[in-house]
1. Applying the selection to the stretch 85-109, what residues are over 14 Å from the mean Cα position of the chain (by Cα), more than 16 Å from residue 126 (Cα to Cα) and within 16 Å of the ligand (Cβ to nearest atom)?
2. Out of all the residues in the stretch 1-32, which are assigned to a helix (DSSP H, G or I) and either within 14 Å of the ligand (Cβ to nearest atom) or under 18 Å from residue 103 (Cβ atoms) (or both)?
3. Of all residues in the stretch 103-144, which are out of contact with any Phe, Trp or Tyr (no Cβ under 6 Å at 6 or more places or on another chain) and hydroxyl-bearing (Ser, Thr, Tyr)?
4. Out of the stretch 39-55, which residues are away from the ligand (no atom under 16 Å from the Cβ) and either of a type in the set (A, V, I, L, M, F, W, C) or part of a loop (DSSP other than H, G, I, E, B) (or both)?
5. Scan the stretch 44-69 residue by residue and report those that are among the hydrophobic types (A, V, I, L, M, F, W, C) and over 16 Å from the mean Cα position of the chain (by Cα).
6. In the stretch 56-144, which strands (runs of 3 or more DSSP E) lie fully inside it and hold 1 or more residues that are crowded, with 19+ Cβ neighbours inside 10 Å and free of Cβ contacts under 8 Å to residues at least 60 places away in the same chain?
7. Got a number for residues in the stretch 61-84 being over 22 Å from residue 141 (Cα atoms) and within 15 Å of the ligand (Cβ to nearest atom)?
Amino acid sequence: MRILVINGPNLNMLGIREPELYGKKDYAALCAAIEAHARRLGVEVGIFQSNCEGEIVTRIQQALGREDAVVINAAAYTHTSIAILDALKAIALPTVEVHLTDPMLREEFRHISYTGMACEARFAGAGFESYLKALDYLHEKYLK
Ligand code: DQA
């Protein structure tokens, strides 16, 4: 099983960005944690980060025939992007939404998740662990 992990805008700023919310570990540490967990599970993982909505749409389209499932933290685009929602619906792969924080416990403008409308599960509020739970979920559901 090959899983595509997509990270949206400003996640490359982890460690610098609002550490009281997102933690002190940087983006490289997040990628390392995801890769180590994928190795433990025996799944292949590819990680893509972009600050640009169109690049995220293009990478989602490229997952067709290349990956079997998607884990997505669309970051702020979660709450705005019908284009990313449509791309996820177009490829129709099993998709899981993740967030470091829990947007439902934050400002009201973060309560809507367009990207989540194409996702079958959601893990939020657990920091890096949210991503690991998403990998566990996909492994459990599609590989066992
Ligand atoms: C986030 C939550 C979003 O509301 C925010 O815009 C982000 C990060 C999270 O992982 O907690 O950039 O997706």
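Readers should treat all values here as calculations from the given coordinates under stated rules, not as data from a laboratory. Keep in mind that this is a model prediction, so the values were computed, not measured. Every residue, glycine as well, gets a Cβ built from its backbone with ideal geometry; the counts of neighbours run over all protein chains shown.
1. Matches in the stretch 85-109: 107, 108, 109.
2. Let us first name the residues in the stretch 1-32 that are assigned to a helix (DSSP H, G or I), namely 11-13, 19-22, 27-32.
Those that are assigned to a helix (DSSP H, G or I) and either within 14 Å of the ligand (Cβ to nearest atom) or under 18 Å from residue 103 (Cβ atoms) (or both): 11, 12, 13, 19, 20, 21, 22, 27, 30.
3. 113, 114, 115, 131, 137, 142
4. Selection gives 41, 42, 43, 45.
5. Our first condition is that a residue be among the hydrophobic types (A, V, I, L, M, F, W, C); within the stretch 44-69, this holds for 45, 47-48, 52, 56-57, 60, 63-64, 69.
Correct list: 64 only.
6. Numbers: elements: 69-73, 95-99, 121-124.
In the stretch 56-144, 95-99, 121-124 are the strands (runs of 3 or more DSSP E) which contain 1 or more residues that are crowded, with 19+ Cβ neighbours inside 10 Å and free of Cβ contacts under 8 Å to residues at least 60 places away in the same chain.
7. Within the stretch 61-84, the subset over 22 Å from residue 141 (Cα atoms) is 61-62, 74-84.
In the following step, the residues that additionally are within 15 Å of the ligand (Cβ to nearest atom) were identified as 74-81, 84.
Count: 9.
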